[in-house]
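The next block holds one structure in the form of structure tokens; read it before the comments.
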Amino acid sequence: CEAAIACVPGLASVLKSSNRATPSVAYTHLVQQLVRLAADKDALPRLLQELRTYDLLNTWVLESVITECSQRGDMEHLEQSVQLARAQGTELTSTALSALIRVTRTADDALSSFKDAVGQGPPVAVLVLAL
């Protein structure tokens, strides 16, 4: 896993040299696999730190982290990721917000996540994704 995390600087270089607002499907998939590997090896905090160091903790990367954590029921790293996103002012995608709604523990938490999602656009898409 450390060898994979060590590739983050090269990934950052490639992504920053691209003029695209969103990465190609290949890079998105690569990040998803990197997140999955880090979660498997209990190295998600290390990966998040490395991504942050190279200014790669953006909307689509955090979506991958939050989705992976929610699917695993990893509430500790999920909450850390959300706090990190909020601390750096990164807006969560509807997919990330839907993942948060799915794993909320209380009705108040679900309502809070839903209100955040509605503030970003039509609630129908968020509800469909949350189901």
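The values are calculated or read from the model by the stated rules, or taken from the named source; none is laboratory data. Computed from a predicted model, the values in this text were never measured in an experiment. Note that each Cβ is placed from the backbone with ideal geometry, even for glycine, and that neighbours are counted across all protein chains shown. Heavy atoms of the whole protein, side chains included, go into the accessibility calculation; ligands, DNA and RNA do not. Shrake-Rupley method; radii C 1.70, N 1.55, O 1.52, S 1.80 Å.
Tabulated data
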read-out: Residue ID - surrounded by the fewest Cβ atoms within 10 Å (Cβ to Cβ), chosen from residues in segment 82-97 that are within 26 Å of Lys41 (Cα to Cα) and without any contact (Cβ under 8 Å) to a residue 12 or more places away in the chain; value: Ala87
read-out: Complete set of residues in segment 70-81 that are open to solvent by 50 Å² or more (accessible area, probe 1.4 Å) and under 30 Å from Ser17 (Cβ atoms); value: Gln80
read-out: When residues of segment 36-81 are limited to those that are of a type in the set (Lys, Arg) and without any contact (Cβ under 8 Å) to a residue 40 or more places away in the chain, the one nearest to Leu11 (Cα to Cα); value: Arg52
read-out: Selection within segment 23-69 - open to solvent by less than 50 Å² (accessible area, probe 1.4 Å), more than 14 Å from Thr93 (Cα to Cα), in contact with a Leu (Cβ under 9 Å, 6 or more places away or on another chain) and not charged (D, E, K, R); value: Pro23, Val31, Leu34, Val35, Ala38, Ala39, Ala43, Leu47, Leu48, Leu51, Leu56, Cys69
read-out: Of the criteria (1) touching an Asp or Glu at 6+ places or on another chain (Cβ under 7 Å); (2) at pLDDT below 90, which one Arg36 fails; value: (2)
read-out: Subset of segment 98-131 (residues that are at pLDDT below 65 and crowded, with 17+ Cβ neighbours inside 10 Å); value: Val126, Leu129, Ala130
